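To start, the structure itself, in structure tokens.
The values are calculated or read from the model by the stated rules, or taken from the named source; none is laboratory data. From a predicted model like this one, the values you see are computed outputs, not experimental measurements. No Cβ is skipped: glycine too gets one built from the backbone with ideal geometry, and neighbour counts run over all protein chains shown.
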Amino acid sequence: MSAVTPSASSGLTPRAVLMLVLPPLLWAGNAVVGRAVAGLIPPVTFNLVRWTLAALILLPMAWQVLRPSSPLWAHWKRYAIIGLLGIGCYNMFQYMALKTSTPVNVTLVASSMPLWMMLIGRLFYDAPVTRHKLGGAVLSLAGVLFVLSRGEWANLLQLRLVIGDLYMVAATIAWSAYSWMLLHTREPASVRANWQAFVLAQVVFGLAWSGLFTGVEWAVQPELHVEWNALLIGSLAYVAIGPAVLAYAFWSRGVQLVGPTVAGFFVNLTPLFAALLSAMFLGDMPSWYHAVAFGLIVAGIVVSSRQRD
């Protein structure tokens with residue numbers, strides 16, 4: 001997987017769109033699964049087991065990147081930070097959020113992603129905030145709010161914030177910073193040669209952080225336990241293969257193609273995909289407001305991706 005600089009961004013090509021649409025689809029399922037197993041396994045432990053399985057999946061395909069002679073280790077500090085933000089913090093905070101918050105609230109908080117992308121880009125990478133990006137943020141956020149309100153804005157007043165929502169704010173900030181670092185990373189050629197190596201390089205450092213956080217979780221709450229059953233095992237298989245390995249590979253490449261600010265708008269497709277998944281698996285058919293929301297979100301993506309202000 002080759003890295004590109006911000007000036008080399010190739011725009012919203014069909015390939016870039018595909019790379020950025022698939023992760024929200026997989027992450028919509030991740031939020032549902034995370035809520036379903038919240039009572040079966042501690043959230044930080046769930047994150048550790050998930051990424052351990054993901055590492056085992058990637059290891060046979062990219063083990064060379066971890067050899068002592070690998071040029072990856074010359075960049076270990078950078079990858080330690082990337083692993084902390086994208087593997088250790090984002091998923092941990094999301095699963096912690098789902099312990100006390102609903103998927104609806106979590107999705108609503110995560111819809112602030114484009115704004116955090118623009119803020120971090122402006123503060124730390126001197127990225128300009130254009131009228132198109134601001135307009136796209138407004139349209140995309142309006143689409144998310146519309147689907148969450150079911151077409152009635154008064155429904156938003158019934159939402160109640162809990163500690164889980166604050167965890168999701170932290171997760172969203174961590175993911176925004178992680179995405180910007182993906183764009184500016186200068187990984188060795190052997191790491192960017194294939195997506196398996198690139199993701200494994202992130203995971204191996206993220207696992208160290210996840211292991212540390214899990215140790216703290218059990219030390220603070222020694223009464224914790226894990227209830228192994230078919231639901232938990234199936235959920236772990238899904239989150240390890242889909243939202244972890246595949247989604248991270250697609251997202252990494254998509255961010256490098258269009259930049260983190262434009263990519264951030266695609267995250268707002270997650271609640272729409274969640275509605276579609278509910279229709280498929282729970283029989284909850286989409287309504288008219290889903291079509292309106294989809295139009296607003298897509299309009300936000302298109303507007304934000306315009307190259308000139």
**Asked** Listed residues LEU183, LEU161; which is part of a loop (DSSP other than H, G, I, E, B), modelled with pLDDT under 90 and more than 14 Å from GLY88 (Cα to Cα)?
**Response** LEU161
**Asked** Does at least one position in the range 235-252 carry a residue that is touching a residue at least 12 places away in the same chain (Cβ under 8 Å), out of contact with any helix residue (DSSP H, G or I) (no Cβ under 8 Å at 6 or more places or on another chain) and not in a loop (DSSP other than H, G, I, E, B)?
**Response** no
**Asked** What helices (runs of 4 or more DSSP H), lying completely within the range 34-144, carry at least 3 residues that are modelled with pLDDT of 80 or more and within 17 Å of VAL255 (Cα to Cα)?
**Response** 76-83, 113-125
**Message:** Condition first: surrounded by fewer than 24 Cβ atoms within 10 Å (Cβ to Cβ) and hydrophobic (A, V, I, L, M, F, W, C). Now tell me which residues in the range 246-270 satisfy that.
**Reply:** LEU246, ALA247, ALA249, PHE250, LEU257
**Prompt:** Can you pull out the residues in the range 211-225 that are exposed (fewer than 12 other Cβ atoms within 10 Å of the Cβ) and of a type in the set (Val, Ile, Thr)?
**Reply:** VAL216, VAL220
**Request:** Only residues that are closer than 18 Å to PHE93 by Cα and part of a loop (DSSP other than H, G, I, E, B): list them for the range 217-234, please.
**Result:** GLN221, LEU224
**Asked** Within the range 203-227, how many residues turn out to be touching a residue at least 24 places away in the same chain (Cβ under 8 Å) and more than 26 Å from ILE82 (Cα to Cα)?
**Response** 4
**Prompt:** Say we look at the range 276-300 and pick out the residues that are at pLDDT below 70 and either under 23 Å from LEU115 (Cα atoms) or in a helix (DSSP H, G or I) (or both); which of these is nearest to the chain's Cα centre (by Cα)?
**Reply:** SER278
**Request:** Would you confirm whether any residue within the range 199-207 is closer than 30 Å to SER69 by Cβ, surrounded by fewer than 16 Cβ atoms within 10 Å (Cβ to Cβ) and modelled with pLDDT of 85 or more?
**Result:** no
